[in-house]
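The values are calculated or read from the model by the stated rules, or taken from the named source; none is laboratory data. Bear in mind that the values here come from a model prediction, so they are computed numbers and not experimental data. Positions of Cβ are backbone-derived with ideal geometry, glycine not excepted, and every protein chain shown enters the neighbour counts. The area values use the complete protein model at the heavy-atom level, side chains included, leaving out ligands, DNA and RNA. Shrake-Rupley method; radii C 1.70, N 1.55, O 1.52, S 1.80 Å.
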Amino acid sequence: MATDITSAFQFADAEVILRPRAEFKEFKVHRWPLQQASPVYRSTFGLPQPPNPQGTLPVIVVEESAAVTCAILSFIYPNIDDPPLTTDLDIIPDLLRALDKYEMSAQLNRVISILESLAQTEPVRVFLIARSVGLDDIALTAAHNTLRIPWENLMTVNVPEQNTVPSGASWELLRYHQRCGQVAAAVIHEKTLNIILSSVRPDLHAKIGSKAFWESYRGSLEESVRSCPDASQVTIPKHCKACDSKPRECKECSERYINTQFASLVVPRLKREIQIATRRVALV
C-alpha cells in the first residue's frame with residue numbers, strides 16, 4: 001500500500017494548512033520555514049489574516065498539485081529526506097514553475113541541476129521539458145544526447161511530454177538530429193581519405209590497401225552516422241566471423257587485416273571531427 005505523500009508533513013504544532021485546490025489532501029506545516037524559503041509566503045503571512053474558528057488552523061489553498069507541494073516542502077524542511085518525487089520528470093515542469101512563482105531561487109537552481117543530470121539517461125523527455133520552460137542550454141545538451149539514438153527509433157519515441165508540450169518542439173528535435181546526421185556524414189565523406197593519408201607515413205602509403213576498400217569503408221560509415229550521428233558509430237572494420245582467428249589467411253579479409261591496423265589510427269581522429277562538427281549545430 002502506497003504511503004500518503006502528505007504523511008511527512010503533519011506536524012502536531014502546525015500553524016497553517018496548505019491545501020492543493022484540485023485534491024483532497026492537506027499539509028499541516030509551520031509558517032517560519034515557508035517565510036524563510038519564499039518571499040511570496042513572507043508577504044502573504046505579513047498581511048492581515050481573517051479570524052479562524054477556535055481550534056482550527058488557517059488554510060492556504062495552493063494551485064500546485066499535492067506531488068509538487070510535497071516536493072517544495074521537502075526542500076524547505078531540511079530534516080526530512082527528499083522524496084523520490086523531487087527527481088520525477090512527471091512533476092519537474094510544474095515544480096520549476098512553482099519554485100519560480102514562489103521566488104525560491106536556491107531550490108529552483110537545484111531542480112535545474114537535477115533536470116540537467118537527467119539529460120544523459122532521458123534525453124528526449126529532458127529536451128521537451130527544458131524547451132517548454134525556456135532552459136535552452138539544457139535543451140541543447142539533451143538534444144545532443146539523442147544523437148546516439150538512430151533516426152528511425154527517434155521518430156517513434158513516445159514520451160508523456162509529447163501530450164503537454166507543443167508539437168513544434170518534437171519536430172525541432174527531429175530536425176536537429178537530421179541536420180547533425182547530415183553534418184556527420186559530410187565529415188566522413190570529405191575527411192576520411194585525407195585523414196588516412198595524413199595519419200600514415202608517406203613510405204607506408206603503398207601498404208594501406210586499395211582505394212576501393214577505403215571507399216567502401218567510408219560509405220558504410222556515412223550510412224551509419226547519417227542515421228545515428230554519434231561518434232561511437234565510427235568503428236574499425238570487422239573481419240568475417242569465419243576468419244576471426246586467422247584473418248591473414250582469408251582471401252576476403254587479408255586486405256582488411258592490413259587496413260584494420262591503419263584504421264586504428266584513423267578512427268580517433270574521425271570521432272573527434274564528428275564531435276566538433278555536431279557540437280556546432282544549433283537547435284534552430
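Pairs needed: first member in the range 105-116, under 17 Å from I76 (Cα atoms) and free of Cβ contacts under 8 Å to residues at least 24 places away in the same chain; second member anywhere, open to solvent by 30 Å² or more (accessible area, probe 1.4 Å) and part of a helix (DSSP H, G or I); C-beta distance under 8 Å; at least 6 residues apart or different chains.
L108/D100
Can you work out which of the residues in the range 247-284 that are modelled with pLDDT of 85 or more and open to solvent by 100 Å² or more (accessible area, probe 1.4 Å) is farthest from the chain's Cα centre (by Cα)? Reasoning before the result, please.
Going residue by residue through the range 247-284, those that are modelled with pLDDT of 85 or more are 268-283.
Pick out the ones that are also open to solvent by 100 Å² or more (accessible area, probe 1.4 Å) and you get 272, 279-280.
Working: R272: 22, R279: 15, R280: 18 Å.
That would be R272.
Please go through the range 131-189 and pick out each residue that is within 14 Å of C228 (Cα to Cα), in contact with a Phe, Trp or Tyr (Cβ under 8 Å, 6 or more places away or on another chain) and among the small types (G, A, S).
A143, G181
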